[in-house]
Amino acid sequence: METYFASPERLSSEEVTQQNKAVVEHPVVAGMLRLLSGMLAVLNEDRQVVALNEGLAEYLGVEDLSAAFGLRPGEAVQCIHAHEMPGGCGTGPYCSSCGAAVSIVTSLNLNQPESRKCAMEVMRAGKKQDLFLQVQSVPIEVDKHRFLLLFIQDISAQQKWAAMEQVFFHDINNILAGVVAVSNLLLMESTAENRDMVQQLSLSSRRISQEVALQRCLLNSEAHSYTPMWSRVSLHSVFDELSRVFDTHPAAQGKRLRCARVTSETVLKTDHSLLLRVLNNMLVNAFEATSADGTVIVDCRETEHDVCFSVWNEGTIPKALQHRLFQRNVSTKGGLGRGIGTYSMKLFGEELLRGKVDFVSNSETGTTFQFTLSKDDSGSIVSVAPLGKSSP
């Protein structure tokens, strides 16, 4: 039979049945088929399925495992190109660019593991469906015959979200670039009557652009993808903005915020959005750990060498979680989507703002998060007036 890529030869159903018996009686292979929670198939050297686990059978929608015996992977998942040639899966013109087929053939030829990603069109319930699979082929010998362990992971959802994020950030950045450019032009041509309004528009557009960049940085866990926008920010304005935000913040409802009364005229050279993001996350974390009618205290301490923001609440972080608190996806609260707030404190506060984020938590004193910026770093703080004191 003609082929464009892999060998078209197959074993008979009787020979496949004999191979299945040998494979399922092998203690290692049998254990993997029984215990592996993902999707696993065992292929012979002609790329035919001789065994599979329940996870793959469920994914394929077959109740009787033997219904898949003798099929090749593309035929089992109903690839739309699997029957374009008489030799079946692996022999058609599309197969030489199929990640699964390349993984299998390469692994057989080199007798070594081979991993590939595979974009595949399949027929499900009479409709075409796009799949994106991670496939790994691993050679194994059973009774002096070579087989392949085929590990399959469906990463279609991850690929879809990654593509959507890429398109979203690309398109939204283009739109924001236009908004920022127009607002800057308006600012240059503003008059005394509308200057304040146009300045606010320009500032807001730049902050939105920064927020999008921060979200991309957080999604990718890559601090270098964000360029801080350094500006001078007074301690007064920082605490005024925190007070305004948490007057109506959902996390603070039914609770009290005690803000420091700042008398220092110190000005920070920092990224305004990043600084507020770090402090906001500290405050949200504190309010969520505070009981109804409880109090959260945000303070600021200055020394000759640094400025230290602190956020206190009465709660206690379990000791078992304390050493992992800044790890991504680790949270004291249940549910999906948690474990980003404390992680982002470290990412933004230390890698981007060059500060230090830490905490102390015990049953006697409650929990205090601290964010310290050093005056020794000329890029962090500029002291433009004698040091003052702050009091709660």
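The values are calculated or read from the model by the stated rules, or taken from the named source; none is laboratory data. Quantities reported herein were computed from a predicted structural model and do not represent experimental measurements. Note: ideal-geometry Cβ built from the backbone for every residue, glycine included; neighbour counts use all protein chains shown.
For the reader, a short list of remarks on this structure follows.
Okay, residues lined up against (1) crowded, with 19+ Cβ neighbours inside 10 Å; (2) not assigned by TED's automatic domain parsing to the domain that holds K346:
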| site | (1), (2) |
| --- | --- |
| Q210 | yes, yes |
| V238 | yes, no |
| P250 | no, no |
| L257 | yes, no |
| L275 | yes, no |
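- Top-ranked residue of region 316-330 - restricted to ones that are more than 20 Å from Q370 (Cβ to Cβ) and part of a loop (DSSP other than H, G, I, E, B), ranked as modelled with the highest pLDDT: R328
- Any chance Q129 is surrounded by fewer than 20 Cβ atoms within 10 Å (Cβ to Cβ) and either within 30 Å of A30 (Cβ to Cβ) or outside the structural domain of L60 (by TED's automatic domain parsing) (or both): no
- Just one of the numbered conditions (1) within 18 Å of M39 (Cα to Cα); (2) touching a Leu at 6+ places or on another chain (Cβ under 9 Å); (3) in contact (Cβ under 8 Å) with a residue 24 or more places away in the chain; (4) not aliphatic (A, V, I, L, M) is not true of F132: (2).
- The set of residues in region 201-244 that are modelled with pLDDT of 80 or more and of a type in the set (S, T, N, Q) comprises S202, S205, S231, S234, S237, S243.
- Looking only at residues in region 301-313 that are closer than 21 Å to L235 by Cβ and buried (at least 23 other Cβ atoms within 10 Å of the Cβ), the one that is modelled with the lowest pLDDT is V307.
- Scanning region 67-81 for residues that are touching a residue at least 40 places away in the same chain (Cβ under 8 Å) and in a helix (DSSP H, G or I), we see that the one that is surrounded by the fewest Cβ atoms within 10 Å (Cβ to Cβ) is G74.
- For region 104-122, the set of residues classified as buried (at least 18 other Cβ atoms within 10 Å of the Cβ) and free of Cβ contacts under 8 Å to residues at least 40 places away in the same chain consists of E114, R116, C118, listed by residue number.
- Single condition R195 does not satisfy, out of (1) touching a residue at least 24 places away in the same chain (Cβ under 8 Å); (2) more than 30 Å from L40 (Cβ to Cβ): (1)
- Test set (1) touching a helix residue (DSSP H, G or I) at 6+ places or on another chain (Cβ under 8 Å); (2) surrounded by fewer than 23 Cβ atoms within 10 Å (Cβ to Cβ); (3) closer than 30 Å to P27 by Cβ; (4) of a type in the set (A, V, I, L, M) - V49 fails condition number: (2)
- K160 vs. criteria at pLDDT below 85, out of contact with any helix residue (DSSP H, G or I) (no Cβ under 9 Å at 6 or more places or on another chain) and closer than 30 Å to L52 by Cβ: yes
- The set of residues from region 3-46 being crowded, with 19+ Cβ neighbours inside 10 Å and not in a loop (DSSP other than H, G, I, E, B) comprises V16, Q19, N20, V23, V29, L33, M39, L40, A41, V42, L43.
- Any chance D293 is buried (at least 16 other Cβ atoms within 10 Å of the Cβ), of a type in the set (D, E, K, R) and in contact (Cβ under 8 Å) with a residue 24 or more places away in the chain: no
- Residue check: M197 meets all listed conditions (1) surrounded by fewer than 12 Cβ atoms within 10 Å (Cβ to Cβ); (2) modelled with pLDDT of 85 or more; (3) of a type in the set (A, V, I, L, M); (4) not in a helix (DSSP H, G or I) but one, namely (4).
- Residue within region 136-146 that is crowded, with 16+ Cβ neighbours inside 10 Å and modelled with pLDDT under 80 present: no
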